[in-house]
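Enquirer: Mind having a look at this structure? Questions to follow.
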Amino acid sequence: MTLRAAPRARRRALTLAVLLGGASALAVSGAHAQDAAELEELVVTAQKRSENLQDVPISITAVTSDSLARSQITTLGGLQTLTPNFQVSDNVSVRTVYIRGVGGGGRTVAFDTRTGIYLDGVYIGQPMAADAVLSNLERVEVLRGPQGYLYGQNTVSGAVNLVTRAPVDDFEGRLTAGLGNKDQQRLDGMVNIPLADGKVMVRLGAAYDHRDGFIRNTTLGEKVDDINSRSMRLQVRMQPTDDFTADLSFDYSRQLSHKVNGEALSDTFNSGPPAAPADQPFVIDDNYPEFDYNRNVGGALTLAYDLGAVTLSSISGYRDSARTWNVDLDHSALDLAHFNYDDSYQTLSQEVRLSSNDTEARLRYILGAFFLRTDGENDRRLTYDALGVLFGVPPGSMIRTNPSVKNSSYAVFGAVDYQLTPTLIVNSGLRFNYESKKLTLNQSSDVGPPISNIANVLGFKDELSESSVSPMIGLTFQPTEDQTYYGKYARGVKSGGFNADYLTTQALGGPLRLGKETVDSFELGAKFTAFERRLRVNADVFYARYSDYQVSQFRVVPNSTPPRIELALTNAGEVETYGPEVSVDAALAPGLNVNLQAAWLHAEYKEFKDGGGVGVDYSGNRLEYAPEVTASATVDYTRDLAEGMGAVTSRLTVSYRGDQYSDTSNAEAFHQDAYTLVNARVAWLAPGDQWQVAAYADNLLEEEYQLGTAPDAFTTLFGRYGAPRTYGVEVTWTY
């Protein structure tokens, strides 16, 4: 294997050198095409008001709509190539966001996520629903570190803001049509219409995406892991007066794929490799038809009334998400068992804010109140098929769990900035939160020991209520308008929950509640621009300690026949993370911009006694999905052609993700090697920029890499491979 790999690695290195060298040569030849080299100013709303990114004392990456398009980013996971210390995992059936190595949560309705996702200020909650709203965006903001004082509980690792492009008082239109390999077909369109003399504006967008799968199912004779998604968004902005704005929005999406849980990396009972040809990447032999169907509906009403000294804002939101997921449990051609999952979430939220308007005042503030109501239900069924008789289990026998949780959260919050001197600002924030959760659990099993010891439960109920305080205090020093230095302390809280995931009789006899998790975070940062806005550098170093860290695990039951997994949901003792992060933007020449991003991360379970079961200490293990090094380099080049010929733009992105583990045990079976991806795009813009034709290629060098490994119910090891090379062309018309 080594002898074959070395020439391939050399070829990749040579190809990469040629690409980078070509970009540099192109830059030199076209340097005269632009009048001046200058970086674009980035405006963000990370602190719930519009500010220059360089003035915000937060570690934040902002990706504009243009950058999303140039990088072909249509999913939340696609942001990984442009954002350090940010990762999205789709393993173990649940999409999970990790920021600074901290993620998890969301597998059941009783276990909240650690990263908050917001669409125009409305809490989305489930990361599975986020991809549905990644069209017609103005920008995406990734906030690293706990954001509890402004965003509330369950943002202990950070927050992701999805900000849409608002309707405007001009007629606009855009249509993008794309074709790619694997029969990819993509349409993305938008129209903006002003009405009533500009007092009412309507923006309607829709998107369609289809692609055949990369994975070949030899048993069913199908290509799976396909994409079939549709989405639409309607936005209406009403401005009857200069002081009042009302924004109404509605969105709908549906997503369907036929392979969701990865490929078998072992045989069914993890005693050897899977049977050929399923021992190859992108080949499976599952006999049960699988699919993953997601439906998302949402609506929001945002009101803003300018009262002069202050602005009164109201954000009302509703989200309804449903998922149906069917999986071949034995990951083989055996007719042994399969899973059926049906999940649903309904979320109602209301936020009211009062914000000061004078950005030059010594005292600036935001005061607010927040309410959230979530109703969630899981209905998950494990059914034994014909070969269940080999274990003495009649075909059709079922193990079923059906938890539901009603969650109500109330909060008041505030953020105050006070300018002590012309260059020194005190930043402070505080949030008080009260939350109550009510669990109802029904669980049944037709299968008993020794095959299964799942408990039979009817109408089990439990409830908890808790309050928390999330403070923030910091100092910001701005000696010039181009320099910002800050230091801050923040505390975040992840609410408690319940262990409600296939409970055994032993688990039912113990505590089912999870205690709330807290984090204390310290951060020092520097942001500055130089050389007449041709260089921008943002850097920070952070330290965070998590107490009562909530952990969800799949652990092998010792000496079980057949081999099986137990699900453990516990509070680990302590987790520690720290490291530096840096982002550099440089306008090297007219039309040539370079962005460099890098982060080094230490993420460790400082205390996790009995992490692998009684007497098995995981203290000192690395956190899962926490690579030590993440980095990327992006080169953008634009050159005007001869008069009347338009212009050419190009982007080359090289992203690196270090090795990592996908399991708390840090066992070798769950070790993922480091990998490097190269993505490229070239576009021709017609004179007047009305037409654009682009060609792109992602994973240009055909890197083969894994995204994570996990054990399934029979201890089968399964995992996902990253997508191989994809390429295509797009035509965009803009009015």
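Enquirer: Quick check on my filter: what residues within the range 223-253 are free of Cβ contacts under 8 Å to residues at least 60 places away in the same chain, assigned to a strand (DSSP E or B) and within 30 Å of Leu329 (Cβ to Cβ)?
Expert: Lys223, Ile227, Asn228, Arg230
Enquirer: Consider Gly396 against the criteria (1) touching a Ser or Thr at 6+ places or on another chain (Cβ under 8 Å); (2) assigned to a strand (DSSP E or B): it satisfies all of them except one. Which criterion is unmet?
Expert: Exception for Gly396: condition (2).
Enquirer: When you look at Thr311, is it more than 22 Å from Phe111 (Cβ to Cβ), buried (at least 17 other Cβ atoms within 10 Å of the Cβ) and more than 30 Å from the chain's Cα centre (by Cα), yes or no?
Expert: When the stated conditions are applied, Thr311 passes them.
Enquirer: I need the full set of residues from the range 620-646 which are of a type in the set (D, E, K, R) and either in a strand (DSSP E or B) or surrounded by fewer than 21 Cβ atoms within 10 Å (Cβ to Cβ) (or both), in order please.
Expert: Of everything in the range 620-646, those that are of a type in the set (D, E, K, R) and either in a strand (DSSP E or B) or surrounded by fewer than 21 Cβ atoms within 10 Å (Cβ to Cβ) (or both) turn out to be Arg622, Glu628, Asp636, Arg639, Asp640, Glu643.
Enquirer: Quick one: Lys438 ticks every box in (1) modelled with pLDDT under 95; (2) within 34 Å of the chain's Cα centre (by Cα); (3) surrounded by fewer than 19 Cβ atoms within 10 Å (Cβ to Cβ) except a single one, so which number is it?
Expert: So Lys438 meets the others, but not (1).
Enquirer: If you don't mind, there's one more thing I want to ask. Do you know which residues across the range 426-484 are of a type in the set (D, E, K, R) and either part of a loop (DSSP other than H, G, I, E, B) or touching a residue at least 60 places away in the same chain (Cβ under 8 Å) (or both)?
Expert: Arg431, Glu435, Lys437, Asp446, Glu481, Asp482
Enquirer: Still on this structure: Regarding the range 321-329, can at least one residue be identified that is touching a residue at least 12 places away in the same chain (Cβ under 8 Å), touching a Gly at 6+ places or on another chain (Cβ under 9 Å) and aromatic (Phe, Trp, Tyr)?
Expert: The answer is no, given that none of the residues of the range 321-329 is touching a residue at least 12 places away in the same chain (Cβ under 8 Å), touching a Gly at 6+ places or on another chain (Cβ under 9 Å) and aromatic (Phe, Trp, Tyr).
Enquirer: Restricting the range 441-479 to residues that are among the hydrophobic types (A, V, I, L, M, F, W, C) and within 21 Å of Pro146 (Cα to Cα), which is surrounded by the fewest Cβ atoms within 10 Å (Cβ to Cβ)?
Expert: Only one residue tops the list, namely Val469.
Enquirer: Among Ser321, Ser316, which is of a type in the set (S, T, N, Q), out of contact with any His (no Cβ under 7 Å at 6 or more places or on another chain) and modelled with pLDDT of 95 or more?
Expert: After applying the criteria, what remains is Ser316.
Enquirer: While we're on this one: For Asp617, indicate whether it is without any contact (Cβ under 8 Å) to a residue 12 or more places away in the chain and not in a strand (DSSP E or B).
Expert: yes
Enquirer: I would also like to ask the following. Return the only residue of Thr649, Thr653 being part of a strand (DSSP E or B), β-branched (Val, Ile, Thr), surrounded by fewer than 20 Cβ atoms within 10 Å (Cβ to Cβ) and at pLDDT 95 or above.
Expert: Thr649
Enquirer: Looking only at the range 354-389, filter to residues that are more than 16 Å from Gln47 (Cβ to Cβ) and without any contact (Cβ under 8 Å) to a residue 12 or more places away in the chain; which one of those is farthest from the chain's Cα centre (by Cα)?
Expert: Val389
Enquirer: I need the full set of residues from the range 580-619 which are in contact with a Pro (Cβ under 9 Å, 6 or more places away or on another chain), closer than 21 Å to Glu523 by Cβ and surrounded by fewer than 18 Cβ atoms within 10 Å (Cβ to Cβ), in order please.
Expert: Within the range 580-619, just Val582 meets the criteria.
Enquirer: A further question follows. Quick check on Asn270: is it outside any strand (DSSP E or B) and either over 30 Å from the mean Cα position of the chain (by Cα) or without any contact (Cβ under 8 Å) to a residue 60 or more places away in the chain (or both)?
Expert: Taking the combined requirement at face value, the residue satisfies it.
Enquirer: A follow-up question, please. Which numbered condition in (1) surrounded by fewer than 24 Cβ atoms within 10 Å (Cβ to Cβ); (2) of a type in the set (Lys, Arg); (3) in contact (Cβ under 8 Å) with a residue 40 or more places away in the chain is the only one that Arg114 fails?
Expert: The failed condition is (1).
Enquirer: Could you list, in sequence order, the residues of the range 344-377 that are more than 30 Å from Leu441 (Cβ to Cβ), buried (at least 16 other Cβ atoms within 10 Å of the Cβ) and either touching a helix residue (DSSP H, G or I) at 6+ places or on another chain (Cβ under 8 Å) or polar (S, T, N, Q) (or both)?
Expert: Ser355, Ser356, Ile366 - these are the residues of the range 344-377 that are more than 30 Å from Leu441 (Cβ to Cβ), buried (at least 16 other Cβ atoms within 10 Å of the Cβ) and either touching a helix residue (DSSP H, G or I) at 6+ places or on another chain (Cβ under 8 Å) or polar (S, T, N, Q) (or both).
Enquirer: Give Ala647, Ala633, Ala598 a once-over and let me know the one that is more than 19 Å from Leu707 (Cα to Cα) and more than 28 Å from the chain's Cα centre (by Cα).
Expert: Ala647
Enquirer: Condition check: at pLDDT below 95 and polar (S, T, N, Q). Does Gln692 satisfy that?
Expert: So Gln692 does not fit the description; no.
Enquirer: From the list Val224, Val260, Val200, exactly one residue is over 32 Å from the mean Cα position of the chain (by Cα) and surrounded by 16 or more Cβ atoms within 10 Å (Cβ to Cβ). Which is it?
Expert: From the options Val224, Val260, Val200, the qualifying one is Val200.
Enquirer: Can you pull out the residues in the range 32-71 that are modelled with pLDDT under 90 and in a loop (DSSP other than H, G, I, E, B)?
Expert: Matches in the range 32-71: Gln34, Asp35, Ala36, Ala37, Glu38.
Enquirer: So which strands (runs of 3 or more DSSP E) are wholly in the range 513-579 and hold at least 3 residues that are crowded, with 16+ Cβ neighbours inside 10 Å and among the charged types (D, E, K, R)?
Expert: 517-530, 535-547
Enquirer: Now for a separate question. In this structure, does Thr709 turn out to be in a strand (DSSP E or B) and under 28 Å from Pro627 (Cα atoms)?
Expert: Here the answer is yes, as Thr709 does meet what is asked.
Enquirer: Does Phe522 satisfy the criteria of being among the hydrophobic types (A, V, I, L, M, F, W, C), closer than 24 Å to Gln153 by Cα and in contact (Cβ under 8 Å) with a residue 60 or more places away in the chain?
Expert: No; evaluated as a whole, the condition is false for this residue.
Enquirer: For the range 677-735, how many residues meet the condition of being farther than 30 Å from Glu172 by Cβ, buried (at least 19 other Cβ atoms within 10 Å of the Cβ) and of a type in the set (D, E, K, R)?
Expert: The qualifying residues number 2.
Enquirer: With respect to Ala278, is the statement that it is of a type in the set (A, V, I, L, M, F, W, C), more than 30 Å from Pro562 (Cα to Cα) and touching a residue at least 40 places away in the same chain (Cβ under 8 Å) true?
Expert: no
The values are calculated or read from the model by the stated rules, or taken from the named source; none is laboratory data. The structure presented is a predicted model; accordingly, all values stated were derived computationally and were not measured. Please note: Cβ atoms are built from the backbone with ideal geometry, for glycine as well, and neighbour counts cover all protein chains shown.
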